[in-house]
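Here is the structure we will look at, set down as structure tokens.
Nothing in this text is a laboratory measurement; each read-out follows from the coordinates by a stated rule. These figures come from a predicted structure and were not determined experimentally. Reconstructed Cβ throughout: ideal geometry from the backbone, glycine too, with neighbour counts over all protein chains shown.
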Amino acid sequence: MHTETVTQVKHLTDKLFSFKTTRNTAFRFEAGQFTMIGLKDTPKRAYSMVNGPNEDYLEFLSIVVPEGPLTSKLKDIKVGDEIEVGKKAVGTLTCDSLQPGRNLWLIGTGTGLAPFVSICRDANTYLKFNKIIVCHTVREKKELAYYDYLFNLTMKNLVQYFPTVTREQDWPNRGRITNFIKEETAFKLLEIPKWSPETDNVMLCGSPEFNTEMIEYLKEGGWKVGTNGKPADFVYEKAFVG
């Protein structure tokens, strides 16, 4: 493990926070991958990098699991504290596993947004795909991590951002992203054609229930799972499913 120093901590809610650390110059990764992190006296857990692969720091997004052996302590970190970070990055949420020249849908729930922010921070993403659509579902609007960043990308016409909230009546797009897609409401609201495996790619990262539901839905529609060796139509983080 590499030992890194915390340089920034931001608490979005009492159960959701992000933090930045220094980055060992030997640590390399592709946008969308994850590594193992922890404290000296805790178990290590898989966390996706939020920063882009060419940035000189590391950034992570974390929930707080009540009584969790890692996050119950990680939530109290301060600038100057030390974090242990794995020396290797792995994961299946990489752009090389998808067919280039299509629209790219990045669909996540909760902290599943993390690898997609990294992908949006990689300049190569915009060279590989026609259009980037970021869909993120949370319970309350204060949980919309990186909202300002993604909104700014939308204003620059780099992405289309579609955040949905399930527990607040005053949010314009209220409900689960799975329902917006299955009912085809998302395509109408975004004013883009309904997706298809011939013109679009999809990345999934979220709760086990979300991943299972969307994987089944896509496979039933004829979408094929891609790998680095055989790019196809959609990918999901296999380490986080089942």
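Annotation note: trypsin sites (Lys or Arg not before Pro) in the range 49-127 located in DSSP loop regions with a Cβ neighbour count of at most 16 within 10 Å are LYS78, LYS87, LYS88. Taking the C-alpha atoms only, the angle from helix 208-220 to the longest principal axis of the chain is near 30 degrees.
Here is the size of the chain from its Cα atoms: Rg then Dmax, 17.4, 51 Å. Using θ = phi - 60° in the Karplus curve 6.51 cos²θ - 1.76 cosθ + 1.60, the 3J(HN,Hα) couplings for the range 166-180 round to 9, 10, 10, 5, 8, 7, x, 10, 9, x, 7, 4, 4, 5, 4 Hz; x is entered for Gly and Pro. How large is the translational diffusion coefficient of the range 2-85 in µm² per second when you combine the Kirkwood radius over alpha carbon pairs with Stokes-Einstein at 20 °C and 1.002 mPa s? After rounding, the answer is 167 µm²/s. State whether the range 1-145 is rounded, prolate or oblate according to the following rule on the C-alpha gyration tensor (a ≥ b ≥ c being the square roots of its eigenvalues): a/c under 1.5 gives rounded; otherwise a/b larger than b/c gives prolate, and the remaining case gives oblate. Oblate. Its relative contact order, with pairs defined as Cα atoms under 8 Å and 6+ residues apart, puts the chain at 20 percent. Can you list the aspartates and glutamates whose alpha carbon sits under 14 Å from that of LYS87, skipping same-chain ones fewer than 8 residues off? Excluding near neighbours in sequence, the set is GLU4, GLU30. Mean separation of Cα pairs under 8 Å and 6 or more residues apart, divided by the residue count, gives the range 53-189 a relative contact order of 17 percent. Its relative contact order, with pairs defined as Cα atoms under 8 Å and 6+ residues apart, puts the range 54-133 at 32 percent.
Here the Karplus relation 6.51 cos²θ - 1.76 cosθ + 1.60, evaluated at θ = phi - 60°, turns the backbone of the range 79-93 into coupling constants of 4, x, 6, 9, 10, 8, 10, x, 8, 10, 10, 9, x, 9, 8 Hz, with x for every Gly and Pro.
Please give me the summed charge of the neighbours of PHE17: other residues whose Cβ is under 14 Å from its Cβ, Lys and Arg +1, Asp and Glu -1. Summing Lys/Arg as +1 and Asp/Glu as -1 gives +2.
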